[in-house]
1. Report the calculated FRET efficiency for Lys202 and Gln94 (r = Cβ-Cβ distance, R0 = 41 Å), to the nearest 0.05.
2. Net charge near Asn254, counting Lys/Arg +1 and Asp/Glu -1 over other residues with Cβ under 14 Å of its Cβ?
3. Gap in Å between the Cα centre of segment 102-175 and the Cα centre of segment 1-73?
4. Of the cross-linked pairs Lys71/Lys164; Lys50/Lys217; Lys157/Lys181; Lys37/Lys249; Lys37/Lys157; Lys92/Lys125, which ones have a Cα-Cα span greater than 25 Å in the structure shown?
5. Kindly identify segment 7-67 as rounded, prolate or oblate by the Cα gyration tensor criterion: order the square roots of the eigenvalues as a ≥ b ≥ c, call it rounded if a/c is under 1.5, otherwise compare a/b with b/c, prolate if a/b is larger, else oblate.
6. Take each uninterrupted DSSP H stretch in the chain, measure its Cα extent along the helix axis, and return the ones at 15 Å or beyond whose mean Kyte-Doolittle hydropathy is at least 0.5.
7. Per 10 Å bin, what is the whole-percent P(r) computed from every C-alpha pair distance within segment 1-139?
8. Once you wrap a convex hull around the alpha carbon atoms of the chain, what is its projected area averaged over all directions, in nm²?
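Just so you know, all these numbers are worked out from the coordinates, no wet-lab data involved. In this text the structure is predicted, and so the values were computed from the model without any measurement. Every residue, glycine as well, gets a Cβ built from its backbone with ideal geometry; the counts of neighbours run over all protein chains shown.
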Amino acid sequence: MKTFIQNRNNKKISVIIEETANQKGLAFVMHGQGGFKEQAHIQTFADAFKNNGLTVVRFDTRNTIGESEGKMEDASVTSYYQDLEDVINWAKTQSWYQEPFWLAGHSLGGICISLYAEKYPEQTKGLAPISTSVSGKLAWEAYGPQVIEEWKKVGYKESESSSKPGVMKRVNWANMEDILKYNLLDNVDRLTMPVLMIVGDKDTSTPPNHQQTLFEKLPGKKELHIIKGAPHTFKAPEHLKEIKDIFDKWIKGNL
């Protein structure tokens, strides 16, 4: 079922609910910056939960190229995180709501679900920050001084969407200033729930060494998988199959 809800600022958010009879749990799945809820890897995460008997909620944040309100250039960790909170708070009013729930997210979605889990660990049964941003400082390092200098000078950074060819994604410099306020390592000791991490070995945005930095500090049950030949956004059928199998085993082992 697809519906539109209102966030805290009365802006429209598009939500898909895949309800499962006799559900074994609830999972929220979140896309990354400039992503959308129907991307192949987001669907893959969702299918793994659904196939294990969970009800799954996917949504488009504001300020992306999906069906929710807002402009891509206004995207930020702060706005994405607020939308995650608002979707979860809306879900709490629904008949299928269940705690503790599972959280999965890619890239900017990964840092948002992790920030939520750090704030509300008792609500989080399992956490899957995939190719996640770890901190503003590490994001700055990944872009490199040349990109950062040009981005700051021009005021925005523009690139073509790999998931929707022909669609240009423009992100304001304010996005970089916003992410610098966040660092998962500050409260990593609160992530005591089972954590699944996956990253491609060709990822230059949130590379394996960034993931390792977070992984080493996680205090609880944890897994880190590096997908050979995969970039930041997973599209190849063989990579998606490998990811689905990893998710399936992780979910079954922690239900």
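1. Step by step, r from the Cβ atoms, then E = 0.55.
2. My count for the surroundings of Asn254 gives +4.
3. Measuring centre to centre over Cα atoms gives 17 Å.
4. Pairs exceeding 25 Å: Lys50/Lys217.
5. oblate
6. Qualifying helices, which must be both long enough and hydrophobic enough, are 108-119.
7. Here the calculated profile for segment 1-139 is 13, 48, 34, 5, 0.
8. Over all viewing directions, the chain projects a mean Cα-hull area of 12.5 nm².
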